[in-house]
Amino acid sequence: MRRIVAIVMMLAPVLASAQGQRSVRPVLEEQVRAQLERVLRSQVGLNDAQLQKVQELTSRLETQKVSLNQEESRVRQVLRDEVLLGDTSRNVRVAELLDRVIKITKQRNDLPEQEQKELALFMSPMQRAKYFGVQELFQRRVRELLQEQRQEQAQQKPPGNP
C-alpha cells in the first residue's frame, strides 16, 4: 500500500499542471492514465483483459455520473425557478421536482455498489479491495491538489478583484 501512496504522490505534479491548461491537458491526462494502469498491473495484479474491462466500466459509469449531474443541475434550476415564482398552485410540480432530485441522488449514490458488483464479475475480492484503495487514494490526492490550486489562485488575485 505504501507503494501505491508513493505512485499517487508522483502523479501530483502531473495533475497539478493539467489544471487549467487546456492544450496540454489531454497529454497529461494520458500520462496519468498510463501511470494508473501501471499501478493497477503491479499493485492490484490486473491482467490486460481485466484492465480493458475496468476501463470500459469506468468510462460507462463516468458517463452515467456526468449525465446524472447534468440532469440534477437542470432539475434544481427548474425547482429554484418554481420556488422563486412562489405560486402555491404549483405545489404538485414542486413535489415532482423534489422527488426527481432525490431519485437522481439515489441513482448517483448507487453507482459505487453497481461498480463493485460488476468488478466482482472479473476481479477477485482481494483485487477489488486493492483497486478500491487505489481509487480512494487517487481521488483524495486529486481533491487535495484541486484545493491547493484554488488556494494558490486566490492568493494570486490582486486585492479588490473578485
Original post:
Exactly one of (1) in contact (Cβ under 8 Å) with a residue 24 or more places away in the chain; (2) under 23 Å from Gln50 (Cβ atoms) is unmet by Glu148. Its number?
Top reply: (2)
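Residues are listed down the side, and each one gets a yes or a no for (1) under 24 Å from Pro125 (Cβ atoms); (2) in contact with a Leu (Cβ under 8 Å, 6 or more places away or on another chain); (3) among the charged types (D, E, K, R):
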{"site": "Leu61", "(1), (2), (3)": "yes, yes, no"}
{"site": "Leu85", "(1), (2), (3)": "no, no, no"}
{"site": "Asn91", "(1), (2), (3)": "no, no, no"}
{"site": "Val94", "(1), (2), (3)": "no, yes, no"}
{"site": "Lys106", "(1), (2), (3)": "no, no, yes"}
Subject >> Wholly within the stretch 1-115, helices (runs of 4 or more DSSP H) carrying at least 1 residues that are at pLDDT 85 or above and surrounded by 14 or more Cβ atoms within 10 Å (Cβ to Cβ) >> reply: 25-39, 48-85
Original post:
So Gln35 clears everything in (1) closer than 21 Å to Arg141 by Cα; (2) outside the structural domain of Arg150 (by TED's automatic domain parsing) except one condition, right? Which one?
Top reply: (2)
**OP:** Confirm whether Gln127 is within 18 Å of the chain's Cα centre (by Cα) and either surrounded by 11 or more Cβ atoms within 10 Å (Cβ to Cβ) or assigned to a loop (DSSP other than H, G, I, E, B) (or both).
**Re:** no
Subject >> Residue count for the stretch 56-76, restricted to those that are within 21 Å of Gln116 (Cα to Cα) and of a type outside the set (A, V, I, L, M, F, W, C) >> reply: 10
Original post:
How about the stretch 77-87: which of its residues are among the β-branched types (Val, Ile, Thr) and within 30 Å of Glu115 (Cβ to Cβ)?
Top reply: Val78
Subject >> Matching option when the condition is at pLDDT 95 or above and more than 20 Å from Gln52 (Cβ to Cβ), among Ala129, Ala154 >> reply: Ala129
Original post:
Tell me, which residue of the stretch 136-145 that is modelled with pLDDT under 90 and out of contact with any helix residue (DSSP H, G or I) (no Cβ under 7 Å at 6 or more places or on another chain) is farthest from Val54 (Cα to Cα)?
Top reply: Glu144
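The values are calculated or read from the model by the stated rules, or taken from the named source; none is laboratory data. Keep in mind the model is a prediction, meaning the values are calculated, not measured. Neighbour counts run over all protein chains shown; Cβ positions are idealised from the backbone, glycine included.
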